[in-house]
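What follows is one structure encoded as structure tokens, with my remarks underneath.
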Amino acid sequence: MDGTTATATDIKECSDLSSMIFVSDTEIDETVELAEKCKDEALGHSYLQSALIGLYRNQEEHVIEDLAVPDSEKSAESYFKAFSIRKSFVQGALTASDKGRKTYSYLFESVKRGSLYGSAYATYMGLFRDKKWAGNYAENLKPLGTGHLSAVNQLLNHLNRTCFYSTVFPSKNPPAPEPLVLEHYWQAPEFAQMLVLLRENDCEHVENFISTHAIEPKLISEFFVTEMSHAWELENVDELSIFKLREAANQYAESTLPEAVEDWVQRYKSFEPDSPLNWCDENHPDKLNLCYRFAFFDDFYCKSVLSVEGYVDQLTRSAEYNYCRSMDFAGMLESSNDDS
């Protein structure tokens, strides 16, 4: 012995990685270091993908290239992370080229293999680009909740942007979608966002629903940023809500929740006790007016880039998830300080 003490990583084998990841007391730096040594194995590869885009662990260019492909077991979530890595790090990865076709082939392969977050991403993209295939993967979205899926299905029934009660083109009306259900309004912010989008299309059934139940979905729709609303904005507006939110982050952090939002949140939590808002309650109870606003968007991002086959159910209780949410929240406050 030379008097030095071996670190835990020095004596770890790749087989140990499975018990080290996605637990509440994960030593992230140590775990990433082991994953780097085990990147030729499926688990090491998939975890290292998550470390790059979810834990913000930089990698050399040649390692990024290695991670821009799915793991050796071709797991659904690894396919989606390969798509995300190519989108973020590979120049020309989203262009109309061989590179672009390869990038999107990873997205749609993740969907075929049942990736929840790949399916959601593809559904939103297709929906707001008026693609006929947009509804092909909606059933994969069931784990996102009844209210969320109900909102997506309502929008899919109006894919041509003409309300089915239209008097202008009555012969082209698609079949009436399922009835709007009040409970769904309290189960997902996406449902309120759907109501606002269809209300703007002069959908009589939506206007009647809103009036009958004396709700104001615009307040909820504009308060929360979700992956679905973000996808709509990418196709329809110049300034994204997420950027406007970052600019005003300090202002929101120092103010209280609007009363209407607070009422919605209380009802929402009665339906969804295990929600993205819980992280805000536990970590930033004094800044809920900011944290709640992008909780759903941030939760979607962290889950989509951290998901590893076999570890999804324990993800939200892990140190990795907490770190991802913490970094994103801190980044939002920091960007607001830079703009002030």
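The values are calculated or read from the model by the stated rules, or taken from the named source; none is laboratory data. A quick note: this is a predicted structure, and the numbers were derived from the prediction, not measured. Virtual Cβ from ideal backbone geometry, glycine too; neighbours counted across all protein chains shown. For the accessible areas, the whole protein counts, side chains as well, though only heavy atoms, and no ligand, DNA or RNA atoms are used. Shrake-Rupley method; radii C 1.70, N 1.55, O 1.52, S 1.80 Å.
Distance from the C-alpha centroid of segment 222-270 to that of segment 87-123: 27 Å, rounded to the whole angstrom. Ligands, DNA and RNA left out, the accessible area of segment 285-340 computed with a 1.4 Å probe is 49% carbon and sulfur.
Using only Cα atoms and rounding to the nearest 10 degrees, what angle (0 to 90) does helix 259-271 make with the longest principal axis of the chain? Roughly 70 degrees, rounded to the nearest 10.
Solvent-accessible surface of the chain, averaged per residue with a 1.4 angstrom probe and all protein chains in place: 50 square angstrom.
Computed over the chain, relative contact order equals 17 percent, with contacts defined as Cα pairs under 8 Å that lie 6+ residues apart.
With R₀ fixed at 56 Å, the C-beta to C-beta distance from Ala260 to Lys132 puts the FRET efficiency at about 0.90.
When the helices of the chain are scored as -39500 (n - 2.57) per DSSP H run of n ≥ 4 and the total is divided over every residue, the value at 222 nm lands at -17000 deg cm²/dmol. Compute the angle between helix 76-89 and the longest alpha-carbon principal axis of the chain, please, reported from 0 to 90 degrees and rounded to the nearest 10. Value to nearest ten degrees: 90. Among His184, His62, the order of accessible area from largest down is His62, His184, computed with a 1.4 Å probe on protein heavy atoms. Here the peptides 24-37, 303-316 are ranked by packing, the mean other Cβ count within 10 Å, and the order with the highest first is 303-316, 24-37. Please determine, in degrees from 0 to 90 and to the nearest 10, the orientation of helix 28-37 with respect to the longest principal axis defined by the Cα atoms of the chain, where the helix direction is its Cα long axis. For helix 28-37, the angle is close to 70 degrees.
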